[in-house]
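Contents: one structure, followed by commentary.
All of the numbers you see were taken from the coordinates with simple rules; none came from a lab. What you are looking at is a predicted structure, and each value in this text was computed from that prediction instead of being measured. FYI the Cβ positions are ideal-geometry reconstructions off the backbone, even for glycines, and counts take in every protein chain you see.
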Amino acid sequence: MSRSGKPPAAAPPASFAFRLSLLILGLVVALLILFLLILAGNKDQAGTDSLLASPATETDSALTTAVTPAATEDPNRLILSNLTPTPAASGEWLATWPAASSVETLHDSSALLASLQGRSQTSQALQGVTVFVDPGHGGRDSGAVYPQESPYEAIEKDVNLAVGQKLQAALEALGANVILTRTDDSWVSVYSRVAKVGETILNQVTDSLENTDKDLSQFESLKKAMTDIQTTNLDEGGGGILGGLGTSADARLLYDIERQFPEYLFISLHCNYSEAGSDIGGLQIYYVDNAYNYEFTRESTTEGYELPPVYQYFNDAGRTKLVESLQAAIIRQLPELTTTGGPQTVLQDGFVVLNRMGIDSALVEMGFFSNTDDRALLLSDSGQSELAQALAQAVYNYYCQ
Ligand SMILES: [Zn+2]
């Protein structure tokens, strides 16, 4: 329908009644403005409505200053309000979030983690653990292929899914709960995959606090953001609060909540390809720690670039342990995947599935399609099964040893 369908109403004569109604309207507007001003004043006093508190005035330049969260005045509020961003150090232009939680403890896994330690490798070993298994690419995005022209002998998205499904079975055989980020040849954006993690953990938080007095309204808007990202399902421009460089206050809150769930892991599965020749082969594992997250953001911007503060509260110890567990278990099972031809085995890069979630995550490049031996292993049923067994073993070692 056209917006100009109706002709404009004729102007009424400036009668006394008209002037009176103008006066009344003016009074109503003035009262409304007064009311809004009072409301705004109260908000500032409470100080807890805005997640992005006013800029800090201290000149604290340490990137990883730990701020001890103070108790909130309202016991039902969950979001801590006293954690302002740390301003950029001298000569730098990136502010950082403190290496401290912006939310009070909503979930305590310490008893579960302690009980996992030393468990024997039975069908109950990983009970209580949830692993997001993420077969990279899918649908219109094939990932790496071999040869470079069709007909293809090897298509990355298919190998990733095959290993992912075998890994699901191997982890479930150890008692773990497994969530695949895709179960068929469909295209799922990386932001959707990350939002799936957020959605799952937020649901667990709100379910567990449902019958308490806690104010869960902030989590409803975060949940909606996770749904929107999955509905949009776009890599370009579909990141919502997870998109762009730097970390918005809402994304920070999400990561801080996720970080309270160390019994969740995210493992992304990929296959490699090198233009530099068939000599290059073997396993490569990527992760992101706090120092790298800062460096990556710094290198992706130029001085003076304004963006939200950089997140600095990833669990470095957990992420490092995960990568070491994966590397050790895979090379033990498949020593032929030791890297050859120069590439490092453990690397860092700014992949969305690594730097946009608060749980520990790793991206495993299981071998090179451009390397004959790697390709044969990746395409064989037995090679895929051995990879899956080794990945599951790594998760067991991570929690139980
Ligand atoms: Zn890939």
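Annotations for the structure displayed:
- In order along the range 386-393, phi translates into HN-Hα couplings of 5, 4, 4, 4, 5, 5, 5, 4 Hz, rounded to whole numbers, per the Karplus curve 6.51 cos²θ - 1.76 cosθ + 1.60 with θ = phi - 60° and x for Gly and Pro.
- Rounded to the nearest Hz, the phi-derived 3J(HN,Hα) couplings of the range 131-145 under the Karplus curve 6.51 cos²θ - 1.76 cosθ + 1.60 (θ = phi - 60°) are 10, 7, 9, 10, x, x, 6, x, x, 5, 9, 7, x, 6, 9, where x marks glycine and proline.
- Length added when fully stretched, Ser217-Ser382, from 0.36 nm per residue minus Cα-Cα: 54.5 nm
- Straight Cα distances below 19 angstrom link Lys166 to the aspartates and glutamates Asp134, Glu156, Asp158, Asp184, Asp185, Glu365, Asp374, Asp381, Glu386, with same-chain residues fewer than 8 positions distant left out.
- Peptides 90-101, 308-319, 141-152 ordered by packing proxy, namely the average of other Cβ atoms within 10 Å per residue, highest first: 308-319, 90-101, 141-152.
- Between the amide H of Leu126 and those of Gly175, Ala176, distances stay under 5 Å, these residues lying 5 or more places away or on another chain, with hydrogens modeled in the peptide plane.
- Listed peptides 263-273, 177-187 appear in the order 263-273, 177-187 once ranked by packing, highest mean of other Cβ atoms within 10 Å at the front.
- The modelled label-to-label distance for the pair Ala317/Ser150, using points 7 Å beyond Cα in the direction of Cβ, is 5.1 nm.
- Note on the range 162-255: Kirkwood hydrodynamic radius from all Cα pairs is 14.8 Å, rounded to one decimal.
- Relative packing of peptides 290-297, 321-328, 212-219, 364-371 - highest average C-beta neighbours within 10 Å first: 364-371, 321-328, 290-297, 212-219
- For the range 243-248, backbone phi angles converted through the Karplus equation (6.51, -1.76, 1.60; θ = phi - 60°) give residue-by-residue couplings of x, x, 7, x, 10, 5 Hz, Gly and Pro being listed as x.
- Taking amide H atoms as placed 1.01 Å from N in the peptide plane, the amide H of Ala99 lies under 5 Å from those of Thr65, Val67, each 5 or more residues away in sequence or on another chain.
- Theoretical gain in end-to-end length, Ala291 to Glu303 [0.36 nm per residue, Cα-Cα removed]: 2.5 nm
- The range 280-358, relative contact order [Cα under 8 Å, separation at least 6], %: 57
- Treating r as the C-beta distance of Gln117 and Arg140 and R0 as 60 Å, the FRET efficiency rounds to 0.85.
- Amide proton proximity set for Tyr264, modelled H, under 5 Å, gap of 5+: Thr130
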